[in-house]
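Below is one structure, written out as structure tokens; the observations come after it.
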Amino acid sequence: MEHNYADVMTFIKQPFPEGTVKFRSDNNRPYIPNQVYTDRLEQATGSRWDLEIKELEINVPSHFVKAIVRIHIAGHYRDGYGFSPLDGDARKVTNAVDQAVNEAFLTAVDSFEMGWKDLAPFKQNDWGGNPALRHLLEEAPPSQSPITQPSYAKISHKCIKCGENLTNAEWELLGNVPNLNRSVMIFCFDHLPEHMKRRLPDDVVTEFEQNRKRYDF
């Protein structure tokens, strides 16, 4: 079952934690590392996204590598492009390809507006200062904007019965079991003992099961 695209986009556009934006050593330009964007995609989609390399051109005579990639999310996609210089050293082709693909990835995620709220304050002399994007600056800064993970996002807590990572919804559900120590008694929903399930409020279980059916986690 595909995730709801609107819900995924809402999570993707949320601001990152304070300190996520870094500055390049050569020109001091602000940026967000690729790994941060990849992690956000993983969390937002429950690992259900794809990166497709649509085009890869290694042009030795003209000394460049060009890459076009496509990111697929819930039946939708965005394309991104990247270029990298290529000198005469054949041993550096791999690095040039990686650089072009990484740049293409960044331009693709940028079209989803991922990271815009974090970068806008540093881009006020550029696109961040445009009146049409003022709302990006007027919202609370990242340090005051808690990130709410989608219910299907996998977290680091593992079920003591099957060893699988719990979803965010399963972890929150355990918090509603009276007198349950979640630091020790960690269960996914399928392996939560029946006597513990019976102690959960009916409305909490109903909401959990509706979300589980909706997002297929």
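The values are calculated or read from the model by the stated rules, or taken from the named source; none is laboratory data. Just so it is clear, the model here is predicted, and its values are computed rather than measured. A quick note on method: Cβ atoms are made from the backbone with ideal geometry, for glycine too, and the neighbour counts reach across all protein chains shown. Calculation scope for accessible area: heavy atoms of the full protein, side chains included, ligands and nucleic acids excluded. Shrake-Rupley method; radii C 1.70, N 1.55, O 1.52, S 1.80 Å.
Partner lysines whose Cα lies under 29 Å from the Cα of LYS92, excluding those fewer than 8 positions away in the same chain, are identified as LYS22, LYS54, LYS66.
Decide, for segment 1-119, between rounded, prolate and oblate: order the square roots of the alpha carbon gyration tensor eigenvalues as a ≥ b ≥ c, take rounded if a/c falls under 1.5, and otherwise choose prolate if a/b is larger than b/c, else oblate. Taking the square roots of the gyration eigenvalues as a ≥ b ≥ c, segment 1-119 is oblate.
A value for Rg/Rh (Cα atoms, Kirkwood Rh) was derived from the coordinates, and within the list (i) 1.07; (ii) 0.98; (iii) 0.94 it appears as (i). The relative contact order of the chain, computed from alpha carbon pairs under 8 Å that lie at least 6 residues apart in sequence, is 19 percent.
Placing +1 on each Lys and Arg Cβ and -1 on each Asp and Glu Cβ, with no other charges, gives the chain a dipole about its Cα centre of roughly 320 debye. Only helices enter this figure: runs of n ≥ 4 DSSP H residues, each worth -39500 (n - 2.57), summed and divided by the residues of the chain, yield -9500 deg cm²/dmol at 222 nm to the nearest 500. For ARG199, the solvent-accessible surface with a 1.4 Å probe is about 100 Å², rounded to the nearest 10. Report note on the peptides 70-76, 125-131: ranked by the mean count of other C-beta atoms within 10 Å, highest first, their order is 70-76, 125-131. Separation of segment 42-96 and segment 157-207, taken as the distance between their Cα centroids, equals 41 angstrom. Under the simplified labelling scheme, the HIS72-ARG24 pair shows an inter-label distance of 3.2 nm, with each label point 7 Å from Cα along Cα→Cβ.
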